[in-house]
Every structure is written in C-alpha cells, then in structure tokens.
1. For residue 4, which of the numbered conditions (1) assigned to a helix (DSSP H, G or I); (2) free of Cβ contacts under 8 Å to residues at least 12 places away in the same chain fails to hold?
2. Being of a type in the set (A, V, I, L, M, F, W, C) and either farther than 22 Å from residue 13 by Cα or modelled with pLDDT under 85 (or both) is the filter here; which residues of the range 30-48 pass it?
3. Residues of the range 12-48 being of a type in the set (Ser, Thr, Tyr) and more than 15 Å from the chain's Cα centre (by Cα), which ones?
4. Every residue in the range 51-74 that is under 12 Å from residue 13 (Cβ atoms) and either over 11 Å from the mean Cα position of the chain (by Cα) or among the hydroxyl-bearing types (Ser, Thr, Tyr) (or both), please.
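The values are calculated or read from the model by the stated rules, or taken from the named source; none is laboratory data. The structure displayed is predicted, hence computed values, not measured ones. Here the Cβ positions follow ideal geometry from the backbone for every residue, glycine too, while neighbour counts run over all protein chains shown.
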Amino acid sequence: MNYHIKHIESVPLEKKLYFFDANLWLKILKPRFQLSEKDQKYLDFVEKFKNHPEHPKIAVTALVLSEVINRYLR
C-alpha cells in the first residue's frame, strides 16, 4: 500500500475527503498559548482548510474521536 505523505505546508487542498489523525486533532484543540513553530504550522493549515473556497470535508472515525477524548480525560 502506498502512502502519500507530505509536509503540511505543501498539501494542496481540493474538494475531497480528508482524514486528520488524533495527533493533529490534539494540536487543533489544545489551548492557544505558547505555541511551538510546529503547532503554528498545523494551525495555519487548519485556517487554510477552513477558508478554502471548495469546502473540503473532514472524515472522523470513532477510533480517532475516542483517542482524542481519552487523551483529554487523562
């Protein structure tokens, strides 16, 4: 199985379905103080994603949702 892994700054957005893993959701949902450069890249991508004119969609599986919730409960 081939994976197409790219740096987040170079991901071209299109009108299709995207899958964000739990690590990205944790970056998106964490409080916005003392951001690292890496955190800022993720947040910039999410802003670009939200403002994109083609309105790409995000797929969230129950497993990813469970991982994020469990991490925040700990």
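1. (1)
2. Once the filter is applied, which keeps residues that are of a type in the set (A, V, I, L, M, F, W, C) and either farther than 22 Å from residue 13 by Cα or modelled with pLDDT under 85 (or both), the range 30-48 yields 33, 35.
3. 36
4. 51, 52, 53, 54, 55, 56, 57
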